[in-house]
Every structure is written in structure tokens, then in C-alpha cells.
Amino acid sequence: MREIVLDTETTGLDPLRGDRLVEIGCVEIFNRMPTGQTFHRYINPERDMPQEAFAVHGLSSEFLADKPLFAQIVDEFLEFVGDAPLVIHNASFDIGFINAELDRLERQAIARDRLVDTLLLARRKHPGVSNRLDDLCSRYAIDNSRRTKHGALLDAELLAEVYIDLIGARQSQLILVETVARQSGGTLDTPRRQRPSPLAPRVTDADRIAHRDFVATLGEKAIWMEFVGNEA
């Protein structure tokens with residue numbers, strides 16, 4: 001199953017009062033494993049950057065001045081996320097900003113039934129304690145030393161690791177590997193056993209001759225000629 005782990009940075013806390021997106025970061029995971037495919041864009045918010053927001057993510061108005069508008073990256077963003085579930089920490093915040101930007105462009109909002117809110121998952125699994133992203137990284141021994149400030153792509157990458165641990169997928173994968181190794185009579189470090197003697201080839205000399213005769217009909221430039229030459 002394909003899922004997209006998503007994070008944003010903004011100019012503030014409320015899109016209904018004029019705050020805007022300034023960064024989107026997305027990480028693709030497939031069957032609960034990161035694929036290495038990402039989407040990352042800085043966005044010109046078409047407004048100033050409040051000092052409080054700058055202190056959080058370090059993105060200044062000057063830095064964002066030459067970055068594309070949301071309207072210029074919206075198609076690329078929507079194509080990347082497709083119809084996959086969106087894994088977001090405190091999902092109502094990020095999706096509120098994304099949908100506000102889509103509304104400005106008279107584009108269809110992203111349905112909330114697509115959202116997987118890792119903050120809600122963490123509160124159910126770890127009630128009564130803080131479940132910020134940094135707290136979860138510490139709880140699951142995920143290295144977040146690069147996170148000196150908030151950044152959408154880095155936070156999405158960290159959240160992908162947290163999510164895999166949060167739902168127990170990493171443990172399930174380890175159990176599966178151990179079970180397969182045990183059933184095969186080995187351990188995780190045991191190399192695959194080899195046959196004492198190789199199986200007899202099933203391709204006969206007559207088969208090889210018939211194949212060479214067929215390749216000869218394909219012309220001198222046929223790629224099969226290289227293999228026939230090596231075989232000869």
C-alpha cells in the first residue's frame with residue numbers, strides 16, 4: 001500500500017487570518033517502507049514573515065522572495081500525492097493550510113478521510129505523556145540531531161520512521177525475517193545453503209543448435225548475436 005508522509009511550514013497558525021504555506025515536504029512509503037521518493041518545495045507566501053514563525057523554521061521573506069507561488073507547484077504536488085493516504089502529525093493543522101491554498105485556486109479540497117493523524121495514534125498508544133515529534137523520536141531511538149529547526153522534508157522523513165514504529169510495522173518485519181530464517185533452519189546471519197551437486201542442465205545440445213539457427217535469421221545486428229558469439 002502506498003502512503004505519503006507529509007509536513008508543512010507556514011507563516012503562522014491560522015490560514016483563515018491570512019497565514020500561508022511556505023514549505024511542503026512529502027515522503028513516499030510503500031508497504032510501510034520508505035521508497036526514497038520525495039517531494040519538497042519552498043513557496044513564496046506573498047506576504048511578510050512574522051518573527052515568531054521565522055524563529056521556528058528560519059525561512060525569511062528574503063529567502064522565499066524568488067520561490068514559486070503555490071499556484072505554480074500545485075499540480076506537481078497533487079500528482080505526487082495522488083490518492084494515497086496522507087500520514088501527518090497533527091493533521092488538522094497541515095491539511096487546514098493545504099486546503100486553504102487549494103480553495104484560493106478554486107481547486108478541490110483534500111478529503112479528511114484520507115488522513116492518518118500520528119498525533120492521535122501516539123496519544124492512544126502513549127496516553128498521559130507528551131507526543132511531540134521530538135518526544136516520539138526519543139522514545140523510538142530515532143536520530144533527530146539534524147533537527148535544529150523545523151523543516152518540512154526533514155520532519156516528514158523523521159515522521160515516516162516514527163510512523164513505522166508507532167504502528168508496529170518495523171517489529172512485524174523483524175519477526176517475519178526471523179520466522180523465515182528459523183523455518184529454513186538457519187539464522188539471520190546464516191548464508192543460503194547450496195546444493196551438494198548442481199542440478200543437471202535441462203537445455204539439450206539440440207535446443208542450443210535450434211536456438212542458434214533461429215538467431216541466424218534475425219540478421220547480423222541482432223543483439224542475440226553477441227550471446228551466440230560468446231556461447232560459441
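Each row is one residue, and each column tells you yes or no for (1) out of contact with any helix residue (DSSP H, G or I) (no Cβ under 7 Å at 6 or more places or on another chain); (2) in contact (Cβ under 8 Å) with a residue 12 or more places away in the chain.
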site	(1), (2)
Ala100	no, yes
Gly128	yes, no
Asp134	yes, yes
Lys149	no, yes
Leu154	yes, yes
Leu158	no, yes
Any chance Glu76 is out of contact with any Ser or Thr (no Cβ under 8 Å at 6 or more places or on another chain), modelled with pLDDT of 95 or more, in a helix (DSSP H, G or I) and exposed (fewer than 13 other Cβ atoms within 10 Å of the Cβ): yes
Checklist (1) buried (at least 16 other Cβ atoms within 10 Å of the Cβ); (2) modelled with pLDDT under 95; (3) farther than 30 Å from Ala71 by Cβ applied to His150, failing item: (3)
Residue satisfying all of: in segment 127-152; assigned to a helix (DSSP H, G or I) and touching a Ser or Thr at 6+ places or on another chain (Cβ under 9 Å); nearest to Tyr42 (Cα to Cα) among these: Ala152
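Table: residues versus (1) part of a strand (DSSP E or B); (2) touching a helix residue (DSSP H, G or I) at 6+ places or on another chain (Cβ under 7 Å).
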{"residue": "Glu3", "(1), (2)": "yes, no"}
{"residue": "Thr8", "(1), (2)": "yes, yes"}
{"residue": "Leu13", "(1), (2)": "no, no"}
{"residue": "Gly25", "(1), (2)": "yes, yes"}
{"residue": "Thr35", "(1), (2)": "yes, no"}
{"residue": "His40", "(1), (2)": "yes, yes"}
{"residue": "Asn44", "(1), (2)": "no, yes"}
{"residue": "Asp48", "(1), (2)": "no, yes"}
Residue ID - farthest from the chain's Cα centre (by Cα), chosen from residues in segment 29-73 that are among the charged types (D, E, K, R) and surrounded by 15 or more Cβ atoms within 10 Å (Cβ to Cβ): Lys67
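The values are calculated or read from the model by the stated rules, or taken from the named source; none is laboratory data. The structure presented is a predicted model; accordingly, all values stated were derived computationally and were not measured. Neighbour counts run over all protein chains shown; Cβ positions are idealised from the backbone, glycine included.
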